[in-house]
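Please treat every number below as a calculation from the coordinates, not as lab data. Quantities reported herein were computed from a predicted structural model and do not represent experimental measurements. Cβ sites come from the backbone with ideal geometry, for glycine too, and all protein chains shown count toward neighbours.
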Amino acid sequence: MEGSSKPDDWTERYRPSTLSEMEGNGDKLRRVKLWLDGWSAGRVPKKRGLLLSGPPGVGKTTLAHALTEERGWTVVELNASEQRNAAAIRGSATSGSQNFSLEHFSTGSTPTNRTVILLDEVDHLSGGFAKVSEERIEKTMDSEDDVSLRGDSGGKAELLNLLKNTKNPVIMTCNDPMRLWGRGGNWRSNRDRVLRVSENVIFERVEGADLRRIALRVLDSEGVGIDPDSLNALIDGNPGDLRALIRDLQSLSCMVEGHIEMNAVRELTESVVRDSQINVFNSLKKAYKTRSGAVISEIVRNSDKDPDEMLAWFAWNNQSIMGASGLESVSSAMCKSDSFLATKFSNRAFRSWYWGSALPAQAIASVSKGENEGEVFISFPDFLRRGGESWRTGSVISGLSDKFGTSRSSVRDDLWPTLLAVHNSSLGGSEGDFSVAKKIGLSAEDHLAVHGIPKSSKVAKEILKTFGEGDLSESEEIIMTKSSDVRVENDSQPTLDRFG
């Protein structure tokens, strides 16, 4: 093949097209192959869907394409950048059935050529599992303008329907299963509903030996050499992400003339911030099973949660993992950590994040029993779900999504927690301060929802009356002055000077 005909992007140029070309997660690859072999033999498995979950860059989507390409099957793909509402998912299922039926009819052969329905990054499906009406689905499918259903409306419910009734394989890829289940109190039931009709294959980050084979294969194909120490440094700095490795190799090849040396690797390493986040459940399991404070601190820094959230996870799980003496030992450090983290709301003491992470890490290391300790069971902190009740979030999140032109999932994950913090009375918020609500176009009912005040309560009626009285700048100024006075009189919170 001439070089000019190859894709410019090396991740596409060296994307495996067969199972034999793939590296890492060998046992997972075999499980997926056996599942598809059943379909090839005409056996429809009990679980008609396959959920490939794990960190990005380990080959989940590539595997789905490689195995189907080997079999000569057709792929109908919906990815996170497209609308994946109930009508879109049903349309993809219909397309899959038609491809299968027409091929079978035209050749008169047995049904060996199947159509695989691939939903990439299914954890980015927003919304809950509530169904939408058949009338709305049919209206959207018949309309060229898709006026009835937009975004991901009804997508999760239709996905369940597809998994229960499909005559063709359905493969889903997912980076964060918890995002798919949802963060509400019914996440366990949502998880069980999906896993009753789909098999979950959990991928792990690729090991160094696999990364080395890929790197040498790519460099040999490109005619580029590399020093052994330089290759070791490149592998050691990679978190097990095949896609990132190949991108690094392409970047290095542009920096050198046919041979990669250590100075080029160092230069690349210094200029790139690697996304090596790991799932919070795995982070905490490792943290609770080591006695090294340095190791726990690194685990916390590389997790997919910020220090505030990690502190909440530690506080919740300490209660079930530690005994009374352990809890007593760490309580002081946990309280100080919480105090330091709150500093960012009143000044720019960024070192508060360091101490907020380091203190609980060192405390937990001091009471850990180490690697020989039995299995550690991590659970989701129930108190983090407060503020996510459907009666509070429904209309507010929907309205903000339309206003800012973004998905409900983005509003729920990124904006909603900030709104709750801004309006939290312990952080200076007040139910009588309407400045933020009016600035971003919230209604009086939305303002009540943010504060968690039921509309039927006595205080809600007063707020509803006051909210509609026009210009409230004077009262807002009074409220803010009072809040400021309180902060001056009770300023026991750590400040930037305390970190000097």
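Using 1/(1 + (r/R0)^6) with R0 = 51 angstrom and r between the beta carbons of Lys461 and Ser332, what's the FRET efficiency to the nearest 0.05?
Working: r = 44 Å, r/R0 = 0.86.
Given R0 = 51 Å and the Cβ-Cβ separation, E is 0.70.
Mind putting a number on the dipole of the stretch 1-73 about its Cα centre? Charges go on the C-beta only, +1 for Lys and Arg and -1 for Asp and Glu, and I need it in Debye to the nearest 20.
Computed charge dipole of the stretch 1-73: roughly 660 debye.
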Which peptide among 446-455, 325-334 comes first, and what is the full order, when sorted by highest mean count of other Cβ atoms within 10 Å? 446-455, 325-334
Pairwise label distance in nanometres, Arg30 with Asp227, each label 7 Å out on the Cα-Cβ vector: 4.0 nm
Rounded to whole Hz, the Karplus (6.51, -1.76, 1.60) HN-Hα couplings of the stretch 202-207, x for glycine and proline: 9, 8, 10, 5, 6, 7
Per 0.36 nm of contour for each residue apart, how much would the distance between Arg196 and Lys47 grow if the chain were fully extended, relative to their Cα-Cα spacing? 52.9 nm
Excluding residues fewer than 8 positions from Lys438 in its own chain, the lysines with Cα under 24 Å of it are Lys403, Lys455, Lys458, Lys461, Lys465, Lys482
For Gly225, the residues 5 or more places away or on another chain with a placed amide H closer than 5 Å to its own amide H are His259, Ile260
Efficiency of FRET from Cβ geometry, Glu204 and Glu77, R₀ 30 Å, rounded to 0.05: 0.80
What are the residues whose amide H is under 5 Å from the amide H of Glu77, where those residues sit 5 or more places off or on another chain and H is modelled from the backbone? Leu118
Full-extension gain between Lys6 and Leu216, please, as 0.36 nm times their residue separation minus the C-alpha to C-alpha distance. 73.7 nm
Hull surface divided by four, with the convex hull built on the Cα atoms of the stretch 167-229: how many nm²? 7.7 nm²
May I ask you to evaluate 6.51 cos²θ - 1.76 cosθ + 1.60, the Karplus curve with θ = phi - 60°, for each residue of the stretch 168-178 and list the ³J(HN,Hα) values in order in whole Hz, giving x for glycine and proline? 10, x, 10, 10, 10, 10, 7, 8, 10, x, 4
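Hey, with R₀ at 45 Å, roughly what FRET efficiency would Arg291 and Ser20 work out to, going by the Cβ-Cβ distance, to 0.05?
Once the sixth-power term is evaluated, E becomes 0.60.
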